[in-house]
Amino acid sequence: MRAPPESPTPLRGDVRVDEPGFTYVPRFISQEDAVELVAYFNSLHPVWESRYADGDPRARGSNSRLTRPVYWLGAWQFAGLGYYAPPEHVHDRCVRAEPFPPVFQRLLQALRPVLADHGDTELPNTCLINYYGSERLDPKGPPVDYARLRLHRDAEPGAVAMFSIGQPAQFEFAMPEAKAPEYSQWVRNRSIVVISGDEYKDRLYHRITRVRHGQDPVLTTPLPAFNVRRVSVSFRHVPESAIVDFGGLSSQAQAVALPYVQRLAEHSEYWQHQLQSRPSTT
């Protein structure tokens, strides 16, 4: 089922793929659950994060902004704090976040057999929700398409499970120094991907290179001038010992994450509580 590396045409995404370390299941999510997911995604207020904290010499103005708005559940890994990557990057990385909604919990329970095939008996406890689309800040100019994700690896231990709602996306695996992907797969609306092991999670990096345009399902966001075409949910597992409340971060880490927590608290009672429960500095 592997697409030849020299072929420019990725697998179409309409049939199941099972390889050691890689599973793709089209139409895994039911129509009813998909409707519930769309309503949930449309209700959230995702945020644009910067890859680096203020003052970081690697930051280059607006170029440091992530290529898509995000929302985390379970544990929020703020980009400015760096991401969880043991053994060096464990502390001050994961802030306890809102729990999974019931539809997420149902889907993860249904996914148990696939996760077990990948060697995971414990369900994920955190997830990253990515909003893929385009932004039009200048009403007279063309929109800027941000429907992509740079080449990267997920450092959390165990398998990574990804749900996709919206327009089809081209999902690729490649080595960092290579231009052409070793594996290319279209992931379609209501599909899941699970990756694990030495090949797909450790040796190869993965990326989203494009997302198609379309009208159904209708995805929205309160973010101004941003048009959503696809939402993906990437489930991982972080040891509970690495997850702390916002007030449990170091003072330096709190300063980096504070603007985001304040923004989240504008629309979330959970984050309001996190903000208010910080130890007093007076």
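Is there any pair with a first residue in region 228-247 that is in contact (Cβ under 8 Å) with a residue 40 or more places away in the chain and more than 17 Å from GLY158 (Cα to Cα) and a second that is polar (S, T, N, Q) and not in a loop (DSSP other than H, G, I, E, B) whose Cβ atoms are under 7 Å apart and which are 6 or more apart or on different chains, and what are they?
ARG230/SER164; VAL231/ASN130; SER232/ASN130; SER232/SER164; ASP245/GLN274; PHE246/GLN254; PHE246/GLN274
What residue, among those in region 185-225 that are among the aliphatic types (A, V, I, L, M), within 24 Å of SER134 (Cα to Cα) and in contact with a Gly (Cβ under 8 Å, 6 or more places away or on another chain), is surrounded by the most Cβ atoms within 10 Å (Cβ to Cβ)?
VAL211
If ASP18 satisfies every condition in (1) at pLDDT 95 or above; (2) surrounded by fewer than 13 Cβ atoms within 10 Å (Cβ to Cβ); (3) under 30 Å from PRO224 (Cβ atoms); (4) more than 18 Å from the chain's Cα centre (by Cα) but one, which is the exception?
Every condition holds for ASP18 apart from (3).
Out of ALA242, ALA255, I need the residue that is hydrophobic (A, V, I, L, M, F, W, C), more than 20 Å from the chain's Cα centre (by Cα) and either closer than 30 Å to PHE28 by Cβ or exposed (fewer than 15 other Cβ atoms within 10 Å of the Cβ) (or both). Which one?
Selected residue: ALA255, the only one of ALA242, ALA255 that is hydrophobic (A, V, I, L, M, F, W, C), more than 20 Å from the chain's Cα centre (by Cα) and either closer than 30 Å to PHE28 by Cβ or exposed (fewer than 15 other Cβ atoms within 10 Å of the Cβ) (or both).
So in region 68-100, with the set limited to residues that are aliphatic (A, V, I, L, M) and assigned to a loop (DSSP other than H, G, I, E, B), which one is surrounded by the fewest Cβ atoms within 10 Å (Cβ to Cβ)?
Going through the qualifying residues, I end up with VAL90.
Taking the condition of being in a helix (DSSP H, G or I) and farther than 22 Å from LEU219 by Cβ, how many residues in region 101-131 meet it?
Residues flagged as in a helix (DSSP H, G or I) and farther than 22 Å from LEU219 by Cβ within region 101-131 amount to 8.
Looking at THR126, is it of a type in the set (Val, Ile, Thr), buried (at least 17 other Cβ atoms within 10 Å of the Cβ) and over 19 Å from VAL187 (Cβ atoms)?
Criteria met by THR126.
Conditions: (1) touching a strand residue (DSSP E or B) at 6+ places or on another chain (Cβ under 8 Å); (2) surrounded by fewer than 23 Cβ atoms within 10 Å (Cβ to Cβ); (3) part of a loop (DSSP other than H, G, I, E, B). SER134 meets all but one. Number of the miss?
Condition (3) is where SER134 drops out.
Give the residue, chosen from ASP54, ASP145, ASP154, that is of a type outside the set (Lys, Arg) and closer than 19 Å to LYS201 by Cβ.
The unique qualifying residue is ASP154.
Can you give me the number of residues within region 38-67 that are of a type in the set (Ser, Thr, Tyr), modelled with pLDDT under 95 and not in a strand (DSSP E or B)?
Number of matching residues: 4.
Within region 153-184, track down each residue that is of a type in the set (Ser, Thr, Tyr) and either surrounded by fewer than 21 Cβ atoms within 10 Å (Cβ to Cβ) or more than 16 Å from the chain's Cα centre (by Cα) (or both).
TYR183, SER184
The values are calculated or read from the model by the stated rules, or taken from the named source; none is laboratory data. Please read all numbers here as calculations on a predicted model, not as lab measurements. Cβ coordinates were reconstructed from backbone atoms using ideal geometry, including for glycine residues, and neighbour counts include every protein chain displayed.
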